[in-house]
Amino acid sequence: MTPTAPLLLLDTHVWLWFALGDTGRLTASVRKKIEAAAHGGKLAVSAISVWEIGMLEAKGRIVLGSPCEKWVKTALTLPGMRLIGLEPEIAVASSRLPGEMHGDPADRILTATARAHDAVLATADERLVEYGKAGFMRVLDTR
């Protein structure tokens with residue numbers, strides 16, 4: 001019996017790069033893993049990533065090429081993609097993460113979401129990669 005592939009939760013920046021087709025930021029190997037997850041219906045983003053995209057666009061730190069609401073709607077319809085909401089259990093768990101986890105609220109929610117859904121977090125964030133290497137969650141280092 002073949003084990004089922006885990007859910008792949010994209011960190012905000014990875015979702016942005018993938019949705020925009022920014023091939024320079026994702027290696028061929030990482031892109032293949034994301035595409036395989038999408039093909040298997042195992043690709044996800046957290047609601048906090050939608051908020052982060054909105055904030056980055058509002059502050060002028062990113063340019064999406066279309067109005068933010070439209071971009072998000074389109075990016076959430078990528079094949080195999082699902083949106084994971086911010087459930088009360090995830091919100092509480094984000095405030096009680098084990099080990100040494102930094103204080104960024106979005107990163108804490110992403111981490112709690114990955115842990116709650118037994119997902120692999122695809123990220124280039126060194127602090128999250130190190131947290132995963134410490135055994136607190138599964139990560140796919142996209143660097």
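The values are calculated or read from the model by the stated rules, or taken from the named source; none is laboratory data. Bear in mind the structure is a predicted one, so any value in this text is a computation, not a measurement. Ideal geometry is used to build each Cβ from the backbone, glycine not excepted, and the neighbour counts take in all protein chains shown.
Scanning the stretch 100-122 for residues that are out of contact with any Gly (no Cβ under 8 Å at 6 or more places or on another chain) and assigned to a strand (DSSP E or B), which turns out farthest from residue 52 (Cα to Cα)? Here the answer is 120.
Number of residues in the stretch 1-34 that are free of Cβ contacts under 8 Å to residues at least 60 places away in the same chain, assigned to a helix (DSSP H, G or I) and either surrounded by fewer than 19 Cβ atoms within 10 Å (Cβ to Cβ) or among the charged types (D, E, K, R) (or both) equals 5.
For the stretch 85-117, taking the residues that are among the charged types (D, E, K, R) and under 13 Å from the mean Cα position of the chain (by Cα), the one that is farthest from residue 25 (Cα to Cα) is identified as 115. Evaluated against (1) part of a loop (DSSP other than H, G, I, E, B); (2) touching a Ser or Thr at 6+ places or on another chain (Cβ under 9 Å); (3) touching a residue at least 60 places away in the same chain (Cβ under 8 Å); (4) not aromatic (Phe, Trp, Tyr), residue 48 falls short on exactly one condition, (1).
Out of everything in the stretch 48-84 that is more than 17 Å from the chain's Cα centre (by Cα) and basic (Lys, Arg), what residue ends up being nearest to residue 35 (Cα to Cα)? So, considering only residues that are more than 17 Å from the chain's Cα centre (by Cα) and basic (Lys, Arg), the one nearest to residue 35 (Cα to Cα) is 70.
The combined condition, being surrounded by 12 or more Cβ atoms within 10 Å (Cβ to Cβ), touching a residue at least 40 places away in the same chain (Cβ under 8 Å) and not basic (Lys, Arg), is not fulfilled by residue 54. Restricting attention to the stretch 123-143, the residues being outside any loop (DSSP other than H, G, I, E, B) and touching a residue at least 12 places away in the same chain (Cβ under 8 Å) number 10. With respect to residue 37, determine if the residue is within 20 Å of residue 6 (Cβ to Cβ), free of Cβ contacts under 8 Å to residues at least 24 places away in the same chain, hydrophobic (A, V, I, L, M, F, W, C) and buried (at least 18 other Cβ atoms within 10 Å of the Cβ). Criteria not met by residue 37. Filtering the stretch 130-143 to residues that are surrounded by fewer than 22 Cβ atoms within 10 Å (Cβ to Cβ), over 15 Å from residue 8 (Cβ atoms) and at pLDDT 95 or above leaves 130, 133, 134, 135, 136. Taking residue 94 as the residue in question, decide whether it is crowded, with 17+ Cβ neighbours inside 10 Å, in contact with a Phe, Trp or Tyr (Cβ under 6 Å, 6 or more places away or on another chain) and within 22 Å of residue 117 (Cα to Cα). Spelling it out, it is not the case that residue 94 is crowded, with 17+ Cβ neighbours inside 10 Å, in contact with a Phe, Trp or Tyr (Cβ under 6 Å, 6 or more places away or on another chain) and within 22 Å of residue 117 (Cα to Cα).
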